[in-house]
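*Asks:* Questions regarding the structure given below will be posed in turn.
The values are calculated or read from the model by the stated rules, or taken from the named source; none is laboratory data. Everything numeric here is computed off the predicted structure, so don't read it as measured data. Reconstructed Cβ throughout: ideal geometry from the backbone, glycine too, with neighbour counts over all protein chains shown. To get the accessible areas, we keep the full protein, side chains included, count just its heavy atoms, and leave off ligands, DNA and RNA. Shrake-Rupley method; radii C 1.70, N 1.55, O 1.52, S 1.80 Å.
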Amino acid sequence: MTGKIPYGGDYNPEQWPEDVWDEDHRLFTRAGIDTLTVGVFSWSLTQPAEESHDFTLLDRILDRAAAEGRRVCLATGTAALPPWLAKKYPDTNRTDFEGRRHRHGQRHNFCPSSPAYRRLATAMAARLAERYADHPALLAWHINNEYGGVCYCELCADAFRDWLRDRYGQSLDALNDAWWTTFWSHRYTDWDEIEPPNALTEHWRGPDHTAFQAITLDYFRFTTDALLGCFLAEKEAIRRYDRETPVTTNFMGMFRPLDYHRWAPHLDFASWDSYPPLDAPPTWPALAHDLMRGLKDGAPFWLMEQTPSTTACRDVNPLRRPGELRLATFQAVAHGADAALYFQMRASRGACEKYHGAVIGHAGRDDTRVFREVAALGRELETLGGATLGARTPARTALLFDWDSWWALEISDGPSRLVKYQEVVHAYYRAARAAGADVDVVPQTADLTAYDVILAPALFMVKGDLAARLEAVAARGGTVLATFLSGRVDAHDRAFRADVPGPLAPLMGVRVDECDSRPPEVVQPITELGSEARLVFEIVQPRGAEPVATYGSDFYAGTPAVTRNAFGRGAGWYVATALDQPGVDAVVRRVLARHDLIGPYAGHPAVETATRTAPDGTRLLFLLNHAAAPAHLTAHATAEDLLTGKRVEEGEPLSLEPLGVAVLRLLSRW
Ligand code: GLA
Ligand code: ZN
């Protein structure tokens with residue numbers, strides 16, 4: 001495979017005089033930077049007034065990049081309204097959850113239903129495409145930036161009503177039925193009576209507390225589609241002038257407000273910005289990487305942004321320690337990233353991100369620790385060349401990730417506000433990854449035929465024919481694991497008229513009538529697993545399933561907390577409570593072991609492994625040591641480390657430095 005991983009990031013030279021650009025490019029060359037994302041916030045420069053456009057700066061930025069042999073990911077720049085536009089067309093400004101119409105300020109601030117915004121944003125995308133489609137530097141289109149946020153204006157209310165007419169086939173009866181509006185005297189007799197759910201209507205105590213979950217859910221879906229509509233309009237404008245260059249927009253991984261699965265078919269490739277929460281374990285960004293890889297059926301994605309050192313937006317902004325940037329970057333590549341980009345190439349002098357980490361700081365030095373680490377990584381990526389490009393993850397385990405379930409669970413009154421979807425999902429993902437299994441994170445609609453194990457944590461909403469497809473997995477010998485708060489509601493958030501876990505009950509072989517939800521200090525011992533459980537305790541009556549572990553106390557002591565149900569040639573596992581991590585690990589390892597899916601380095605908790613298969617069939621194994629101490633392993637196969645060129649013999653010692661990485665090309669059979 002020729003080529004190499006694009007390496008670089010967000011670059012805003014329009015903020016600087018041109019003599020600084022000379023310095024930038026000299027340093028880019030030193031650091032192996034070949035890709036620049038430009039124009040992300042340039043609208044007020046490229047269009048200083050409605051009738052006036054000025055692309056001279058952008059021309060120079062792209063021409064300079066081309067002259068230096070660098071490629072450009074060109075943004076349409078429509079994520080921040082220019083002040084003149086917000087002033088001239090007040091309806092482009094959002095109306096917030098409290099019903100207040102905003103004025104010009106900040107960014108990511110446009111109403112997705114505003115015709116003026118739509119017209120001007122698409123016109124800008126069209127102009128840029130017309131001008132730069134054939135530019136030699138152009139590598140990809142980057143529409144807008146980190147789409148998100150909600151608007152509750154009158155235009156959005158009207159657009160919501162249209163969206164509902166469409167969703168419910170013009171039938172108010174269907175809507176009333178779906179939303180269960182007979183409850184609290186809400187039966188609608190005219191579409192115009194419907195209001196967006198916010199602080200003035202259905203909500204109290206904020207966006208997660210609603211009287212009608214189904215209305216709020218539909219507004220989340222509408223918002224996803226409204227913003228997607230903005231993206232599609234820009235993409236269409238680009239395609240009028242450029243039929244080929246791939247188009248993306250930068251996502252945010254596990255970002256609750258937008259259902260990225262609804263967007264995925266419309267992207268040419270997925271890309272995302274990784275800013276893991278402080279103190280997140282390495283499996284947290286890994287889960288997000290795998291979710292992003294799952295958007296395009298396992299095709300590689302771009303790491304569009306990460307900080308080379310520190311963020312600025314948090315109360316405290318720790319540095320990435322020496323070696324952490326390298327490790328995080330190879331982790332992204334291990335999970336399917338085919339590009340490694342930063343925010344940002346040079347730090348702003350002013351405004352709220354001036355202390356955000358950058359490859360080049362205010363002083364323009366190339367002898368800082370951060371610059372040296374970035375440059376060293378640039379050299380390594382050159383060494384790696386195209387070995388990983390286009391490679392796929394041969395996972396046999398899938399984890400179902402579902403925005404509808406996330407939303408419905410977290411806006412639900414009862415059983416517990418303390419259960420957080422991401423935390424449940426992460427616990428199961430983490431257990432599988434620690435055991436050395438590659439995991440595809442996929443939507444409910446994914447083709448499940450390639451998998452031996454399906455993890456369905458907190459799958460609150462079960463849609464379409466999913467239950468039948470899960471039964472098919474078990475019938476042919478696979479294992480399906482579901483947890484508490486799975487199979488609770490249909491696509492309209494209506495409880496199933498059936499025993500819990502609804503459509504999953506036959507596969508799980510259990511019936512749940514009651515769920516005890518307790519504060520975090522109440523702990524249930526689960527002795528069979530050497531574990532404890534908290535928050536919710538579903539009381540399980542086996543209907544064919546055998547108990548694997550039981551509750552240790554209270555009136556349901558001795559009843560099952562974990563069950564296994566033989567189904568066809570496989571099984572359904574049900575975990576009825578929020579086990580601690582050792583408990584989840586124990587259950588998931590038993591399931592994976594049954595399918596021979598425990599990895600060769602599973603005994604080394606700090607060492608993450610990930611597999612990719614290159615288009616030519618080359619098998620790559622990434623070893624990532626997340627500990628600040630060296631890791632001493634025994635090689636399970638003969639391989640060549642692509643970063644050092646050294647050969648590793650099967651059965652011989654294999655050591656990783658603290659935070660060390662090896663990219664092994666496997667030469668012998670696994
Ligand atoms: C986001 C944005 C960037 C920048 C960074 C800072 O990812 O896309 O413009 O604000 O955050 O971390
Ligand atoms: Zn609006």
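*Asks:* Suppose R0 equals 22 Å; then what is the FRET efficiency for residue 420 and residue 523 from their Cβ-Cβ distance, rounded to the nearest 0.05?
*Replies:* 0.75
*Asks:* For the chain, what does -39500 (n - 2.57) per DSSP helix run (n ≥ 4), summed and divided by total residues, give at 222 nm, in deg cm²/dmol to the nearest 500?
*Replies:* -9000 deg cm²/dmol
*Asks:* Considering only protein heavy atoms, what is the solvent-accessible area of residue 531 at a probe of 1.4 Å, reported in Å² to the nearest 10?
*Replies:* Residue 531 has an accessible surface of roughly 10 Å² with all protein chains in place.
*Asks:* For residue 154 paired with residue 650, estimate the spin-label separation in nm (one decimal), with each label point 7 Å from Cα along the Cα-to-Cβ line.
*Replies:* 7.4
*Asks:* Keeping to pairs on different chains or 8 or more places apart, tell me how many lysine pairs in the chain have Cα atoms under 24 Å apart.
*Replies:* The result is 5.
*Asks:* Ratio to report: Rg/Rh of the stretch 114-164, with Cα atoms as the point set and Rh obtained by the Kirkwood method; give two decimals.
*Replies:* A ratio of 1.13.
*Asks:* Quick check: the distance between the Cα centres of the stretch 447-513 and the stretch 147-210, to the nearest angstrom?
*Replies:* Here the two parts' Cα centres lie 29 Å apart.
*Asks:* Quick check for you: which residues of the stretch 131-159 have the amide N under 16 Å from the point 7 Å beyond the Cα of residue 66 toward its beta carbon?
*Replies:* 131-141
*Asks:* Label-point separation (nm) for residue 596 and residue 264, each offset 7 Å from Cα along Cα-to-Cβ?
*Replies:* 2.9
*Asks:* While we're on this one: With N residues in the chain, what two-decimal value do you get for its Cα radius of gyration over 2.2 N^0.38 Å?
*Replies:* Here the answer is 0.99, to two decimals.
*Asks:* Of the heavy-atom accessible surface of the stretch 397-594 (probe 1.4 angstrom), what whole percent is carbon and sulfur?
*Replies:* The value for the stretch 397-594 is 50 percent carbon and sulfur by accessible area.
*Asks:* Around residue 428, under 14 Å between beta carbons, what's the net of Lys plus Arg minus Asp minus Glu among the other residues?
*Replies:* With Lys, Arg at +1 and Asp, Glu at -1, the neighbours total -1.
*Asks:* Averaged per residue, what accessible area in Å² does the stretch 174-309 show with a 1.4 Å probe, protein chains only?
*Replies:* 36
*Asks:* Looking only at the chain, where both bridge partners belong to it, what percent of the DSSP beta bridges are antiparallel (to the nearest 5)?
*Replies:* 55
*Asks:* Show me the GluC sites (Glu not before Pro) within the stretch 557-649 that DSSP assigns to loop and that have at most 15 other Cβ atoms within 10 Å of their Cβ.
*Replies:* For GluC sites (Glu not before Pro) across the stretch 557-649 that sit outside H, G, I, E and B with at most 15 neighbouring Cβ atoms in 10 Å, the list reads 649.
*Asks:* Same structure again: Fully extended, how many nm does the chain gain between residue 667 and residue 557 (0.36 nm per residue separation, minus their Cα-Cα distance)?
*Replies:* Extra length available between residue 667 and residue 557 comes to 34.3 nm.
*Asks:* Could you order 515, 111, 352 by accessible surface area, starting with the largest, using a probe radius of 1.4 Å?
*Replies:* The residues order as 352, 515, 111, largest area first.
*Asks:* Could you report the accessible area of residue 95 in Å², rounded to 10, computed with a 1.4 Å probe on the protein chains as they sit in the structure?
*Replies:* Spelled out: residue 95, probe radius 1.4 Å, area about 10 Å².
*Asks:* Which distance in Å, rounded to a whole number, links the C-alpha centroids of the stretch 266-280 and the stretch 58-133?
*Replies:* The stretch 266-280 and the stretch 58-133 have Cα centres spaced 21 Å from each other.
*Asks:* Let me ask you something else. For the stretch 1-102, state which GluC sites (Glu not before Pro) are in a DSSP loop and have at most 10 other beta carbons lying within 10 Å of their beta carbon.
*Replies:* Answer in residue order: 51, 98.
*Asks:* Mind grabbing the accessible area of residue 284 for me, 1.4 Å probe, Å², rounded to tens?
*Replies:* Rounded to the nearest 10, that gives 50 Å².
*Asks:* Please give the net charge around residue 515, taking every other residue with its beta carbon less than 10 angstrom from that of residue 515, where Lys and Arg add +1 and Asp and Glu add -1.
*Replies:* My count for the surroundings of residue 515 gives -3.
*Asks:* In addition: Wrap a convex hull around the Cα atoms of the stretch 605-648, take a quarter of its surface area, and give that in square nanometres.
*Replies:* Value for the stretch 605-648: 3.7 nm².
*Asks:* Using label points projected 7 Å from each Cα along Cα→Cβ, tell me how many nm separate residue 640 and residue 368, to one decimal.
*Replies:* 3.8
*Asks:* Right, something else. Relative to the present Cα-Cα distance, how much length would full extension add between residue 119 and residue 56 at 0.36 nm per residue of separation?
*Replies:* The span from residue 119 to residue 56 would gain 20.4 nm if fully extended.
*Asks:* Mind giving me the FRET efficiency for residue 130 and residue 107? R0 is 25 Å, r the Cβ-Cβ distance, nearest 0.05 is fine.
*Replies:* The calculated FRET efficiency here is 0.50.
*Asks:* Then there is this: With r as the distance between the Cβ atoms of residue 211 and residue 543 and R0 = 22 Å, compute the FRET efficiency 1/(1 + (r/R0)^6) and round to 0.05.
*Replies:* 0.05
*Asks:* Taking 0.36 nm per residue of sequence separation and subtracting the Cα-Cα distance, how much length would be gained by fully extending the chain between residue 312 and residue 88, in nm to one decimal?
*Replies:* Length gained, residue 312 through residue 88: 77.4 nm.
*Asks:* Compute the accessible area per residue over the stretch 607-666, keeping the other protein chains in place, probe 1.4 Å, unit Å².
*Replies:* Here the per-residue accessible area is 42 Å².
*Asks:* Give me the net charge of residue 587's neighbourhood, meaning all other residues with Cβ under 11 Å from the Cβ of residue 587; Lys, Arg count +1, Asp, Glu -1.
*Replies:* Net charge in that neighbourhood comes out at +1.
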